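Working notes for the structure below.
The values are calculated or read from the model by the stated rules, or taken from the named source; none is laboratory data. Note that the structure is a prediction, hence the values are computed from the model and not measured. As a convention, Cβ positions derive from the backbone with ideal geometry for all residues, glycine included, and neighbour counts pool all protein chains shown.
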DNA sequence: CGCGATTTAATTGTATGCAATTGATTAGGA
DNA sequence: TCCTAATCAATTGCATACAATTAAATCGCG
């Protein structure tokens, strides 16, 4: 007897990974008009959040927080430098490192960015509590997946 | 008095979108070694799942199921055709459409792919029930986000 | 029937992402 | 100290993604 179709693990609709993948894209589309007003892409917005929290950090630290490597970050940061949002300076303590610091414009952008999370919350039609619960579940799953990679 | 830091909506760790984004990347890394054995990338694997479920569909249908447009799909499908997994044929009924059909190799790949979901499940260290619950929550969120875009 | 609006893929340009390699710098052990 | 290993950013090559435009085909209204 055949497996129940609803449980077929090769059906698109049954895969959590596709649910995550397609939700990420949906978020991207919702963020787009909000971030366009700030002149940022979503990954650039992530970098700005790291820097608003702690300024003057090496590329590696940003990469660890965002799970991105230098192959992605180097060109992205160069574009942000060209947009006058950040400044890239090779560290004098350790010349292997490049430190990323906000410009005054980059720092000032935080005020305009405060409207972004509100817009996202409104589009989600969810309560803060629901979103927080899902966020915690996702982070737990992500950490388990990343742990499985290190074995 | 300042807002409690733990509730600051501009902190990376408080954002569900970053949780989704970073979980999607974690999934990608876990899928990579499994899909390498099949000679597929993750988006190509998604296309194969659509075709294993229903063969001979136009590009537009694939795009609607995967939330991808022709700008992404056209070159991706050309690479899959070059790899002898699919065949692209302009429809005789409606010459605007290009129909995507599996080759025998593409059809046969489904058997090798059955091992993939098991590997993912193992890496997640979660029960099927937990994953199913999260999947349903994510799909509901995704659909709400997409609905908000159409307004 | 005729013709403008719509639909469908393809194309162009920009921005991620990641694997693999490179080059410069620093760390650490014999 | 010297020399090898490790670290860090940059680079190269390939594969998504998406906005905007284009071109061909079809639809649908008058």
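Annotations for the structure displayed:
- Filtered residue count, the range B:39-66, keeping only those that are in a loop (DSSP other than H, G, I, E, B) and surrounded by fewer than 17 Cβ atoms within 10 Å (Cβ to Cβ): 4
- Within the range A:77-96, being surrounded by 14 or more Cβ atoms within 10 Å (Cβ to Cβ) and assigned to a helix (DSSP H, G or I) holds for A:77, A:80, A:81.
- The lone exception for residue A:127 - which of (1) more than 16 Å from DNA strand D (Cβ to nearest atom); (2) out of contact with any strand residue (DSSP E or B) (no Cβ under 6 Å at 6 or more places or on another chain); (3) more than 10 Å from chain B (Cβ to nearest Cβ); (4) modelled with pLDDT of 95 or more it fails: (4)
- Test for residue B:7: is it within 14 Å of chain A (Cβ to nearest Cβ), loosely packed, with under 12 Cβ neighbours inside 10 Å and either near DNA strand C (Cβ under 9 Å from one of its atoms) or over 17 Å from the mean Cα position of the chain (by Cα) (or both): yes
- Residues of the range B:91-101 that are under 17 Å from residue B:51 (Cα atoms) and either near DNA strand C (Cβ under 10 Å from one of its atoms) or within 14 Å of chain A (Cβ to nearest Cβ) (or both): B:91, B:97, B:98, B:99, B:100.
- Some residue of the range B:41-48 being within 14 Å of chain A (Cβ to nearest Cβ), free of Cβ contacts under 8 Å to residues at least 40 places away in the same chain, closer than 22 Å to residue A:24 by Cα and away from DNA strand C (no atom under 14 Å from the Cβ): yes
- The sole residue among B:62, B:86 that is within 14 Å of DNA strand D (Cβ to nearest atom), within 12 Å of chain A (Cβ to nearest Cβ) and touching a helix residue (DSSP H, G or I) at 6+ places or on another chain (Cβ under 6 Å) is B:62.
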